[in-house]
Amino acid sequence: MALAIHIRPDDPTPPFEQLRSQIEAAIATGALAAGTRIPPVRQLARDLGIAPGTVARAYKELESAGLVATARGAGTTVTGRPERVTNPALAELTAEYVAAARRLRASDLAISDAIARALTL
Amino acid sequence: MSLTVLPTTLLLLILTPALMVRRQRLLPDRLTHPALRQMRSLQLTSRWLGLVIAALIALAAMVTPSRFGRGFMMAPGLFSYGMLLALLGGELWVWRCARTDGVASLETRSNTSYISWRPVATLATCLAVLAVLLVWALGTQDSDPSSYSYGRAHVTVHPDGGTSSWGPFPGSFYSGPIAIMLAIGLVMLALGIVITLRRPRNGADPVVVAVDDAARRETIEAMIAAVTAGVAGTLVFCSLLSIRGSLWWLVASVTGVVACAWAFSVLLVPGRGKLVR
């Protein structure tokens, strides 16, 4: 099953930022591997019920960050994971969370999906 | 002509139910998702309504007085128009049913996975046979002696120099309007398929994905079947008008009848269809 995206209308974060951050998180955790195609702007906009310009802006920012690449005729594909300076405490916390989740036999996709949902709360 | 109408009709009446019983029906009460049940119900309603309206339009075309039976020849095409419009209306009617506001998945939907090759091959075969028949008719047509309408008769030259003609014949008098009608039908089919493929959905819900995939495949199959019914029906009518005992005409009419039976079985019984991967 493909990664789920949730856009909350009552969230003060703009919809394009909600979308961008969820896709970025999925790329960071590896749920979206390099080379994975993500849906066209209009398809995702219709599915979510938001304006195509909102999705286009999120894709543009992801492309500016080097996370996705758009080619005419080939759509938008994931290029790689973001390079970030990690917070050691955050990295340790994340490792503990992932270990606990794996003890519950959760898949990598389910773990990143849960993180993406938590980011929208 | 009466010697060919009866076996043709019998063949159609036997084949259509036989094909119908092979198809399975996705029943609304097997769907627990309320929006999907509504979607299914509305799609089936538009399909049945379309069948009735399309049949009435075709019947009206056949019985309305027209210039030398042009309405009769165009009845199958008009049936396919009515059916296509009904299916398209059904898709627009259920546009939002499979969608959940603010929830979607990063799925890339492959358009070809919803278009099965068998219906396309059936339609292509009927189009090819009809095209050959009409091109041949264009090459051997002549004026109808009784009405002087060009393209409405076939003239045979005898060894002694004499000629005889018979009609009605599917020459340009009929084939011109038929070709325009079928071309418009193909454009409508393309538009219908595009609209069906673009209908939004919540891809994050596996139940929605499964049911919606089946619904899209059934709708596209039905749209192709609607146009096939128009082409095959035209093929049968043209063949019945022109059969003079040759094997070619027999092949053309049997092709049309078999394709008609398949098309009606699809339109009458939605069925589950197969996922093309």
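The values are calculated or read from the model by the stated rules, or taken from the named source; none is laboratory data. Computed from a prediction, not measured in an experiment: that's the story for all the values here. Cβ sites come from the backbone with ideal geometry, for glycine too, and all protein chains shown count toward neighbours.
Observations, loosely collected:
- The conditions of being among the small types (Gly, Ala, Ser), surrounded by fewer than 24 Cβ atoms within 10 Å (Cβ to Cβ) and within 14 Å of chain A (Cβ to nearest Cβ) are not met by B:ALA214.
- Flag if A:ALA31 is in a loop (DSSP other than H, G, I, E, B), modelled with pLDDT under 90 and at the interface with chain B (Cβ under 9 Å from one of its Cβ atoms): no
- Among the candidates A:ILE23, A:ILE50, A:ILE38, residue that is within 11 Å of another protein chain (Cβ to nearest Cβ) and more than 16 Å from B:GLU107 (Cβ to Cβ): A:ILE50
- Residue in region A:76-98 that is without any contact (Cβ under 8 Å) to a residue 40 or more places away in the chain, within 14 Å of another protein chain (Cβ to nearest Cβ), surrounded by fewer than 17 Cβ atoms within 10 Å (Cβ to Cβ) and small (Gly, Ala, Ser) present: no
- The set of residues from region A:1-20 being charged (D, E, K, R) and more than 7 Å from chain B (Cβ to nearest Cβ) comprises A:ASP10, A:ASP11, A:GLU17, A:ARG20.
- Test: residue in region B:93-101 that is surrounded by fewer than 19 Cβ atoms within 10 Å (Cβ to Cβ), away from chain A (no Cβ under 14 Å) and in a helix (DSSP H, G or I): yes
- Count of residues meeting criterion [farther than 15 Å from B:TRP95 by Cα and at the interface with chain A (Cβ under 9 Å from one of its Cβ atoms)] in region B:187-204: 1
- Only listed residue being free of Cβ contacts under 8 Å to residues at least 60 places away in the same chain, surrounded by 16 or more Cβ atoms within 10 Å (Cβ to Cβ) and β-branched (Val, Ile, Thr), chosen from A:ILE5, A:ILE27: A:ILE27
- Any hit, region A:63-73, residues being in a loop (DSSP other than H, G, I, E, B), within 12 Å of chain B (Cβ to nearest Cβ), of a type outside the set (D, E, K, R) and within 17 Å of A:ILE115 (Cβ to Cβ): no
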